[in-house]
Amino acid sequence: MSASAAPTPAGRFHALRAVPLDPRMSWCGFRPSGDLRATAVLVHGSDRDPVGTVAAFRDWAERSGVALVAPLFPGDVRGDGEMNGYKALVGDGLRYDLVLLDAVARAAETFGISSDRFLLFGFSGGAQFAHRFALAHPARLSALSIAAPGNVTLIGSPRAWWPGVRNVHEVIGAVLDLDALRSVPVHAVVGAADDGRDAIRVDPTEPRWVEGANDAGVTRGARLASLVGDWRAHGVEVRHEVLAGVAHELPPLATAAQHFFDAVLPAVEDGAPTTAPGRGGLA
(Lines give C-alpha, C1' and ligand atoms only; values in the text may rest on other atoms or scores of the structure.)
Protein backbone atom coordinates (compact mmCIF):
# COMPACT_ATOMS: atom_id res chain seq x y z
CA MET A 1 0.00 0.00 0.00
CA SER A 2 1.39 3.44 -0.88
CA ALA A 3 1.80 6.13 1.76
CA SER A 4 -1.02 8.17 0.25
CA ALA A 5 -3.35 5.16 0.48
CA ALA A 6 -2.74 4.63 4.21
CA PRO A 7 -5.79 4.66 6.50
CA THR A 8 -6.70 8.17 7.61
CA PRO A 9 -6.45 8.78 11.37
CA ALA A 10 -9.25 10.40 13.32
CA GLY A 11 -8.32 13.91 12.29
CA ARG A 12 -9.26 15.68 9.08
CA PHE A 13 -7.25 15.81 5.85
CA HIS A 14 -7.51 19.10 3.96
CA ALA A 15 -7.22 18.63 0.21
CA LEU A 16 -5.09 20.80 -2.03
CA ARG A 17 -6.20 24.41 -2.26
CA ALA A 18 -4.66 27.50 -3.85
CA VAL A 19 -2.19 29.80 -2.07
CA PRO A 20 -3.63 33.35 -2.17
CA LEU A 21 -0.26 34.98 -2.91
CA ASP A 22 0.09 32.91 -6.11
CA PRO A 23 -2.81 30.60 -7.03
CA ARG A 24 -0.50 28.53 -9.21
CA MET A 25 0.85 27.20 -5.90
CA SER A 26 -1.23 25.15 -3.51
CA TRP A 27 -1.14 23.46 -0.13
CA CYS A 28 -2.77 20.54 1.64
CA GLY A 29 -2.74 19.56 5.28
CA PHE A 30 -3.99 17.52 8.20
CA ARG A 31 -5.70 18.72 11.34
CA PRO A 32 -5.54 16.18 14.20
CA SER A 33 -8.68 15.59 16.22
CA GLY A 34 -7.44 16.84 19.60
CA ASP A 35 -5.87 20.02 20.88
CA LEU A 36 -3.06 21.42 18.76
CA ARG A 37 0.45 21.73 20.18
CA ALA A 38 2.28 22.98 17.09
CA THR A 39 2.34 23.10 13.30
CA ALA A 40 4.76 21.17 11.11
CA VAL A 41 5.41 22.25 7.54
CA LEU A 42 6.47 19.45 5.19
CA VAL A 43 8.20 20.24 1.90
CA HIS A 44 8.14 17.67 -0.89
CA GLY A 45 11.04 16.50 -3.02
CA SER A 46 11.32 16.51 -6.80
CA ASP A 47 8.51 13.95 -7.00
CA ARG A 48 6.12 16.70 -5.89
CA ASP A 49 3.91 14.52 -3.72
CA PRO A 50 2.68 16.68 -0.83
CA VAL A 51 -0.27 14.35 -0.21
CA GLY A 52 2.05 11.37 0.21
CA THR A 53 4.33 13.43 2.45
CA VAL A 54 1.39 14.33 4.69
CA ALA A 55 0.37 10.65 4.76
CA ALA A 56 3.84 9.71 6.01
CA PHE A 57 3.34 12.04 9.02
CA ARG A 58 -0.42 11.65 9.68
CA ASP A 59 -0.35 8.97 12.38
CA TRP A 60 2.41 10.83 14.21
CA ALA A 61 0.51 14.12 13.87
CA GLU A 62 -2.62 12.60 15.38
CA ARG A 63 -0.66 11.13 18.30
CA SER A 64 1.38 14.28 18.87
CA GLY A 65 -1.27 16.96 18.30
CA VAL A 66 0.60 18.61 15.45
CA ALA A 67 -1.15 20.19 12.46
CA LEU A 68 0.48 19.44 9.11
CA VAL A 69 0.89 21.83 6.19
CA ALA A 70 2.43 20.71 2.90
CA PRO A 71 2.88 23.04 -0.08
CA LEU A 72 2.85 21.98 -3.72
CA PHE A 73 5.41 23.85 -5.77
CA PRO A 74 4.66 22.80 -9.36
CA GLY A 75 7.39 22.44 -11.94
CA ASP A 76 7.52 24.11 -15.35
CA VAL A 77 5.82 27.23 -13.96
CA ARG A 78 6.93 29.37 -16.91
CA GLY A 79 6.58 26.67 -19.54
CA ASP A 80 10.35 26.35 -19.95
CA GLY A 81 10.72 22.89 -18.43
CA GLU A 82 12.56 24.12 -15.32
CA MET A 83 11.78 21.89 -12.33
CA ASN A 84 14.21 23.08 -9.65
CA GLY A 85 13.31 26.70 -8.97
CA TYR A 86 11.77 26.22 -5.53
CA LYS A 87 14.84 24.53 -4.10
CA ALA A 88 16.84 27.76 -3.94
CA LEU A 89 13.88 29.83 -2.59
CA VAL A 90 14.12 32.16 -5.60
CA GLY A 91 13.44 30.91 -9.11
CA ASP A 92 11.00 31.04 -12.01
CA GLY A 93 10.49 34.72 -11.16
CA LEU A 94 9.03 33.65 -7.79
CA ARG A 95 9.90 33.96 -4.12
CA TYR A 96 8.99 30.47 -2.98
CA ASP A 97 9.81 31.28 0.64
CA LEU A 98 7.12 33.97 0.66
CA VAL A 99 4.68 31.59 -1.02
CA LEU A 100 5.28 29.13 1.81
CA LEU A 101 4.69 31.77 4.47
CA ASP A 102 1.40 32.71 2.80
CA ALA A 103 0.34 29.06 2.73
CA VAL A 104 1.19 28.72 6.43
CA ALA A 105 -0.83 31.84 7.25
CA ARG A 106 -3.86 30.48 5.39
CA ALA A 107 -3.48 27.08 7.07
CA ALA A 108 -3.28 28.77 10.47
CA GLU A 109 -6.63 30.43 9.79
CA THR A 110 -8.07 27.09 8.73
CA PHE A 111 -6.72 25.15 11.72
CA GLY A 112 -7.06 27.90 14.33
CA ILE A 113 -3.41 28.01 15.36
CA SER A 114 -0.68 30.63 15.38
CA SER A 115 1.52 30.79 12.30
CA ASP A 116 4.34 32.71 14.01
CA ARG A 117 6.68 29.71 14.33
CA PHE A 118 6.55 26.14 13.07
CA LEU A 119 8.46 22.91 12.73
CA LEU A 120 9.93 22.48 9.24
CA PHE A 121 10.77 19.20 7.48
CA GLY A 122 12.08 18.80 3.95
CA PHE A 123 12.94 15.67 2.00
CA SER A 124 15.41 15.65 -0.91
CA GLY A 125 14.66 18.77 -2.99
CA GLY A 126 12.44 19.85 -0.11
CA ALA A 127 15.43 19.58 2.22
CA GLN A 128 17.29 21.98 -0.05
CA PHE A 129 14.40 24.42 0.33
CA ALA A 130 14.10 23.81 4.08
CA HIS A 131 17.68 24.54 5.11
CA ARG A 132 17.81 27.62 2.87
CA PHE A 133 14.51 28.80 4.34
CA ALA A 134 16.17 28.50 7.76
CA LEU A 135 18.97 30.77 6.58
CA ALA A 136 16.48 33.36 5.35
CA HIS A 137 13.83 33.11 8.09
CA PRO A 138 15.32 31.47 11.21
CA ALA A 139 13.00 33.38 13.56
CA ARG A 140 9.99 31.61 12.01
CA LEU A 141 11.24 28.15 12.96
CA SER A 142 10.88 26.25 16.20
CA ALA A 143 12.81 23.24 14.83
CA LEU A 144 14.23 22.04 11.50
CA SER A 145 14.72 18.56 10.04
CA ILE A 146 16.77 18.27 6.83
CA ALA A 147 16.42 14.88 5.11
CA ALA A 148 18.77 13.88 2.27
CA PRO A 149 19.29 17.13 0.35
CA GLY A 150 21.01 16.80 -2.99
CA ASN A 151 22.69 20.21 -2.82
CA VAL A 152 23.53 22.40 0.15
CA THR A 153 24.31 26.00 1.08
CA LEU A 154 27.37 26.54 3.28
CA ILE A 155 27.57 29.59 5.53
CA GLY A 156 31.35 29.63 5.38
CA SER A 157 31.59 29.34 1.60
CA PRO A 158 32.89 32.37 -0.32
CA ARG A 159 30.48 31.51 -3.13
CA ALA A 160 27.40 33.46 -4.14
CA TRP A 161 23.88 32.11 -3.52
CA TRP A 162 23.06 29.21 -3.52
CA PRO A 163 26.28 27.25 -2.74
CA GLY A 164 27.19 30.12 -0.40
CA VAL A 165 25.60 33.16 1.22
CA ARG A 166 27.92 35.93 0.02
CA ASN A 167 25.13 37.85 -1.77
CA VAL A 168 22.13 36.53 0.14
CA HIS A 169 20.91 40.05 0.87
CA GLU A 170 20.89 40.93 -2.82
CA VAL A 171 19.05 37.74 -3.79
CA ILE A 172 16.37 37.46 -1.12
CA GLY A 173 16.69 40.66 0.89
CA ALA A 174 17.71 38.75 4.00
CA VAL A 175 20.51 39.50 6.43
CA LEU A 176 21.94 36.27 7.79
CA ASP A 177 20.99 36.15 11.48
CA LEU A 178 23.27 33.53 13.00
CA ASP A 179 22.06 34.21 16.54
CA ALA A 180 18.50 33.35 15.48
CA LEU A 181 19.67 30.28 13.59
CA ARG A 182 21.63 29.07 16.62
CA SER A 183 18.40 29.05 18.63
CA VAL A 184 16.76 26.56 16.22
CA PRO A 185 17.27 22.86 17.00
CA VAL A 186 18.42 21.22 13.76
CA HIS A 187 18.29 17.59 12.64
CA ALA A 188 20.13 16.31 9.57
CA VAL A 189 19.46 12.77 8.33
CA VAL A 190 20.42 10.67 5.32
CA GLY A 191 20.45 6.98 4.43
CA ALA A 192 23.84 5.27 4.46
CA ALA A 193 22.91 3.62 1.12
CA ASP A 194 21.88 6.92 -0.49
CA ASP A 195 24.66 7.67 -2.94
CA GLY A 196 22.77 9.75 -5.51
CA ARG A 197 25.84 11.10 -7.29
CA ASP A 198 24.31 10.83 -10.75
CA ALA A 199 21.16 12.66 -9.69
CA ILE A 200 22.68 15.44 -7.62
CA ARG A 201 25.55 16.62 -9.78
CA VAL A 202 24.71 20.01 -11.31
CA ASP A 203 25.92 20.35 -14.89
CA PRO A 204 27.09 23.74 -16.21
CA THR A 205 24.39 23.52 -18.89
CA GLU A 206 21.56 23.50 -16.31
CA PRO A 207 19.62 26.68 -15.44
CA ARG A 208 20.44 26.22 -11.74
CA TRP A 209 24.20 26.09 -12.36
CA VAL A 210 26.35 28.52 -10.39
CA GLU A 211 30.04 28.44 -9.53
CA GLY A 212 30.62 26.05 -6.65
CA ALA A 213 27.49 23.98 -7.27
CA ASN A 214 29.32 20.70 -6.68
CA ASP A 215 31.89 21.84 -4.11
CA ALA A 216 30.28 20.21 -1.05
CA GLY A 217 30.90 16.59 -2.05
CA VAL A 218 30.07 13.85 -4.52
CA THR A 219 27.30 11.93 -2.72
CA ARG A 220 24.25 12.99 -0.72
CA GLY A 221 25.90 11.72 2.46
CA ALA A 222 29.05 13.72 1.80
CA ARG A 223 27.14 16.89 1.02
CA LEU A 224 25.03 16.59 4.15
CA ALA A 225 28.17 16.01 6.21
CA SER A 226 29.64 19.19 4.70
CA LEU A 227 26.53 21.11 5.72
CA VAL A 228 26.60 19.70 9.25
CA GLY A 229 30.27 20.54 9.68
CA ASP A 230 29.81 24.04 8.31
CA TRP A 231 26.78 24.85 10.47
CA ARG A 232 28.44 23.44 13.60
CA ALA A 233 31.53 25.54 12.88
CA HIS A 234 29.22 28.57 13.00
CA GLY A 235 27.73 27.60 16.35
CA VAL A 236 24.57 25.85 15.13
CA GLU A 237 23.80 22.66 17.06
CA VAL A 238 22.92 19.86 14.63
CA ARG A 239 21.91 16.28 15.36
CA HIS A 240 23.38 14.24 12.50
CA GLU A 241 21.98 10.79 11.72
CA VAL A 242 23.09 8.32 9.05
CA LEU A 243 20.61 5.45 8.85
CA ALA A 244 22.13 2.06 8.08
CA GLY A 245 20.64 0.20 5.12
CA VAL A 246 18.47 3.14 4.05
CA ALA A 247 18.53 4.50 0.51
CA HIS A 248 16.79 7.60 -0.88
CA GLU A 249 13.39 6.89 0.62
CA LEU A 250 11.00 9.05 2.59
CA PRO A 251 9.44 6.71 5.23
CA PRO A 252 12.50 5.95 7.42
CA LEU A 253 13.72 9.54 7.20
CA ALA A 254 10.25 10.81 8.14
CA THR A 255 10.25 8.50 11.16
CA ALA A 256 13.64 9.84 12.25
CA ALA A 257 12.34 13.40 11.91
CA GLN A 258 9.28 12.56 13.99
CA HIS A 259 11.46 11.22 16.82
CA PHE A 260 13.49 14.42 16.69
CA PHE A 261 10.38 16.62 16.75
CA ASP A 262 8.98 14.61 19.68
CA ALA A 263 12.16 15.41 21.61
CA VAL A 264 11.89 19.17 21.06
CA LEU A 265 8.11 19.61 21.24
CA PRO A 266 7.91 20.12 25.03
CA ALA A 267 10.28 23.09 24.80
CA VAL A 268 8.46 24.38 21.72
CA GLU A 269 5.20 24.38 23.67
CA ASP A 270 6.78 26.17 26.63
CA GLY A 271 8.47 28.73 24.43
CA ALA A 272 11.78 27.84 26.05
CA PRO A 273 15.14 27.99 24.25
CA THR A 274 15.82 24.70 22.51
CA THR A 275 18.91 22.86 21.32
CA ALA A 276 19.37 19.80 19.16
CA PRO A 277 18.95 16.74 21.45
CA GLY A 278 22.27 14.96 21.00
CA ARG A 279 24.46 14.72 17.94
CA GLY A 280 24.11 11.02 17.17
CA GLY A 281 25.04 9.30 13.90
CA LEU A 282 28.29 10.30 12.22
CA ALA A 283 29.91 13.37 13.72
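The values are calculated or read from the model by the stated rules, or taken from the named source; none is laboratory data. Bear in mind the structure is a predicted one, so any value in this text is a computation, not a measurement. Neighbour counts run over all protein chains shown; Cβ positions are idealised from the backbone, glycine included. Areas reflect the complete protein model, heavy atoms only, side chains present, ligands, DNA and RNA absent. Shrake-Rupley method; radii C 1.70, N 1.55, O 1.52, S 1.80 Å.
Please go through the stretch 143-171 and pick out each residue that is farther than 30 Å from Asp198 by Cβ and open to solvent by 10 Å² or more (accessible area, probe 1.4 Å).
Hits for the stretch 143-171 are His169, Glu170.
Just a yes or no: is a residue in the stretch 197-218 out of contact with any strand residue (DSSP E or B) (no Cβ under 8 Å at 6 or more places or on another chain), over 23 Å from Pro71 (Cβ atoms), surrounded by 15 or more Cβ atoms within 10 Å (Cβ to Cβ) and hydroxyl-bearing (Ser, Thr, Tyr)?
Within the stretch 197-218, not a single residue is out of contact with any strand residue (DSSP E or B) (no Cβ under 8 Å at 6 or more places or on another chain), over 23 Å from Pro71 (Cβ atoms), surrounded by 15 or more Cβ atoms within 10 Å (Cβ to Cβ) and hydroxyl-bearing (Ser, Thr, Tyr).
Could you count how many residues in the stretch 83-135 are in a helix (DSSP H, G or I), of a type in the set (S, T, N, Q) and closer than 21 Å to Pro20 by Cβ?
1
What are the residues in the stretch 180-196 that are surrounded by 18 or more Cβ atoms within 10 Å (Cβ to Cβ) and in contact with a Pro (Cβ under 6 Å, 6 or more places away or on another chain), if any?
Leu181, Val184
Criterion first (small (Gly, Ala, Ser), touching a strand residue (DSSP E or B) at 6+ places or on another chain (Cβ under 7 Å), buried (at least 19 other Cβ atoms within 10 Å of the Cβ) and closer than 18 Å to His137 by Cα) does Ala61 satisfy it?
Here the answer is no, as Ala61 does not meet what is asked.
Matching residues to (1) open to solvent by 10 Å² or more (accessible area, probe 1.4 Å); (2) of a type outside the set (A, V, I, L, M, F, W, C); (3) at negative phi:
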| position | (1), (2), (3) |
| --- | --- |
| Ser33 | yes, yes, yes |
| Val43 | no, no, yes |
| Pro50 | no, yes, yes |
| Ala70 | no, no, yes |
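What do you reckon, is Val242 assigned to a loop (DSSP other than H, G, I, E, B) and under 22 Å from Leu42 (Cα atoms)?
Details: assigned to a loop (DSSP other than H, G, I, E, B): no; under 22 Å from Leu42 (Cα atoms): yes.
Against the criterion (assigned to a loop (DSSP other than H, G, I, E, B) and under 22 Å from Leu42 (Cα atoms)), Val242 does not qualify.
Taking the stated definitions as given, is Glu249 among the charged types (D, E, K, R), more than 16 Å from Leu144 (Cβ to Cβ), at pLDDT 95 or above and open to solvent by 60 Å² or more (accessible area, probe 1.4 Å)?
Here the answer is yes, as Glu249 does meet what is asked.
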